[in-house]
Amino acid sequence: MNIGGRLLAGPAKGPLRGRVNVPGDKSMSHRAVMLASLADGVTEIHGFLPGEDNLATAQMFVDMGVRIDWLSEDKTSLRVHGVGLHGLKPTTKVLDAGNSGTCVRLMTGVLAGQSFASTVSGDASLCKRPMKRVADPVRRMGASVEGQDGGNLLPLTIRGGRLKAIHHVSEVASAQVKSCVLLAGLYADGETTVSEPRPTRDHTERMLPLFGQPVHVDADGVIHLKPTGRLTAPEAPIHIPADPSSATFFAVAASLVKGSDVMLAQVGTNPLRNGWSRILAGMGGALELRSEGKVGEESVADIHAEYAPLHGLQVNPADVPDAIDEFPALFAAASLADGEFLLSEAEELRVKESDRIAVMARALLAAGADIEEYPDGARITGGRLKGACRVDAEGDHRIAMAMAVAAQCSNAEIVIDNAAAIATSFPDFVPLAQSIGMNVRWDGE
Ligand code: S3P
């Protein structure tokens, strides 16, 4: 776990203003390096997120014999020399996913297709997260998965080979599960299908066709993949838009701090990632999309966020998967909004990098908020935050950033312990936050 790292945050000294180039999308960066590694040919990727999670995925492929040339010092551009679907080499090293659930769950699908055995593990937080959701389907496809708790907990040893196509009916709305099965499906003997209880982010489905592998979504939302037997490196580079999950922190901060006016440049607006903006707009947030366009198969826009008085709302459960990573930031908004915010059907938050319902509730309570936890969500009654407290982000990047946002409107500074995990998804959060005027710094800086 990414323990250590203390942030000192808030209150803001004035309005937040400026234009921010938020870094690349984490989900897409994982997928781009995976598909490029498994393709025949060389793929260039720009706008890659150089966070620890994505670097862990890239390192796994390097460990299995893929050559990656970094084209820029900041590791946002790279050239991946793909080895083809069957070109990965076994390693005796334990493949290390660090803090990243996306890395380990999608790689379970990739490793299930290999004719050799691999062992994957991760940090203390990842070792507590459930893996049965990916172990079960790849076992049904014919792979062997061994690990703690019957293969539910890391480390996992995955031995694959020829896989059978399956029809997977996922019990949980999870893009990681769907993507794991689709990636294993590249190695299967026929058409693999996945259906999910609610639609989830579809970056895998959008990116596979760029590598020559069609994916079909039928009228019932079932995803079909008939493997063509190979992936081909696209001629044009892959460009990755800015990450809406990172942009949310600044949009919420701008909404909360009086007089603020912030522009977030060319952020991904995929509807299956956009729940945060629907929820924030529903709370009274003043968001406007400008310069709308497309990057590859993904929609993007400049997001303009201004201060607006926020009020509570009852979150529509249909929006939950589309905002699943943004609830820490939205909880911060709710704790400072007028009236009641109610979230339900969001039990998945309890198995993220931390139990995000419990950890946010502890932190917000310490800061003076009125929040009641439910097994599947929370009720937050907004008001002032007194701050002048010490909270524990418990090694969860999004909790640390959400509390830094909440602190902008608290009466006094909030000390946020165990915030170093910010480096997993948003290494430049602090300097970018400072660039728009947020009052946040690393202790000792
Ligand atoms: C992700 C899917 C989501 C999300 C995670 C990234 C992905 O997880 O929380 O940060 O890239 O597929 P689940 O699939 O577990 O909901």
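Annotations for the structure displayed:
- Test: residue in the range 173-190 that is hydrophobic (A, V, I, L, M, F, W, C), in contact (Cβ under 8 Å) with a residue 12 or more places away in the chain and in a loop (DSSP other than H, G, I, E, B): yes
- The range 178-212: number of residues that are away from the ligand (no atom under 16 Å from the Cβ), within 15 Å of Val110 (Cα to Cα) and touching a Ser or Thr at 6+ places or on another chain (Cβ under 9 Å): 1
- Qualifying residue in the range 1-12 (condition: at positive phi, open to solvent by 10 Å² or more (accessible area, probe 1.4 Å) and not in a loop (DSSP other than H, G, I, E, B)): no
- Close Cβ contacts (under 6 Å, 6 or more residues apart or on different chains) running from residues in the range 104-115 that are closer than 14 Å to His86 by Cα and in the same structural domain as Arg230 (by TED's automatic domain parsing) to residues that are within 14 Å of the ligand (Cβ to nearest atom) and open to solvent by less than 10 Å² (accessible area, probe 1.4 Å) comprise Gly109/Cys180; Gly109/Leu183; Val110/Leu183.
- Only one entry in Leu78, Leu49, Leu111 is open to solvent by less than 10 Å² (accessible area, probe 1.4 Å), among the aliphatic types (A, V, I, L, M), assigned to a loop (DSSP other than H, G, I, E, B) and touching a strand residue (DSSP E or B) at 6+ places or on another chain (Cβ under 6 Å), namely Leu49.
Let's see how each residue does on (1) modelled with pLDDT under 95; (2) away from the ligand (no atom under 14 Å from the Cβ); (3) in a helix (DSSP H, G or I):
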residue	(1), (2), (3)
Asp123	no, yes, no
Val134	no, no, yes
Arg139	no, yes, yes
Gly142	no, yes, no
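- If you check Ala236, Ala281 for being assigned to a loop (DSSP other than H, G, I, E, B) and either assigned by TED's automatic domain parsing to the domain that holds Arg162 or open to solvent by 50 Å² or more (accessible area, probe 1.4 Å) (or both), only one passes: Ala236.
- Test set (1) β-branched (Val, Ile, Thr); (2) under 26 Å from Gly51 (Cα atoms); (3) surrounded by fewer than 22 Cβ atoms within 10 Å (Cβ to Cβ) - Ile158 fails condition number: (3)
- Single unsatisfied condition, Lys89 versus (1) surrounded by fewer than 24 Cβ atoms within 10 Å (Cβ to Cβ); (2) in a strand (DSSP E or B): (2)
- Sub-8 Å Cβ pairs linking a first residue in the range 349-377 that is within 17 Å of Arg398 (Cβ to Cβ) to a second residue that is open to solvent by 20 Å² or more (accessible area, probe 1.4 Å) and in a helix (DSSP H, G or I), at least 6 apart or interchain, are Arg356/Arg350; Ile357/Arg350; Ala358/Arg350; Ile371/Leu365; Gly377/Glu347, ordered by first then second residue.
- Any chance Ala233 is more than 19 Å from the chain's Cα centre (by Cα), of a type in the set (A, V, I, L, M, F, W, C) and either within 30 Å of Met401 (Cβ to Cβ) or modelled with pLDDT of 95 or more (or both): yes
For (1) among the hydroxyl-bearing types (Ser, Thr, Tyr); (2) within 16 Å of the ligand (Cβ to nearest atom); (3) over 30 Å from Met403 (Cα atoms); (4) more than 16 Å from the chain's Cα centre (by Cα), each residue gets a yes or a no:
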residue: Gly5; (1), (2), (3), (4): no, no, no, yes
residue: Gly24; (1), (2), (3), (4): no, yes, no, no
residue: Arg31; (1), (2), (3), (4): no, yes, no, no
residue: Gly41; (1), (2), (3), (4): no, no, yes, yes
residue: Leu55; (1), (2), (3), (4): no, yes, no, no
residue: Met60; (1), (2), (3), (4): no, yes, yes, yes
residue: Asp63; (1), (2), (3), (4): no, no, yes, yes
residue: Ser72; (1), (2), (3), (4): yes, no, yes, yes
residue: Arg79; (1), (2), (3), (4): no, no, yes, yes
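The values are calculated or read from the model by the stated rules, or taken from the named source; none is laboratory data. What you see is a predicted model, and the numbers here were worked out from it, not measured in a lab. No Cβ is skipped: glycine too gets one built from the backbone with ideal geometry, and neighbour counts run over all protein chains shown. With ligands, DNA and RNA removed, areas are computed over all heavy atoms of the protein, side chains included. Shrake-Rupley method; radii C 1.70, N 1.55, O 1.52, S 1.80 Å.
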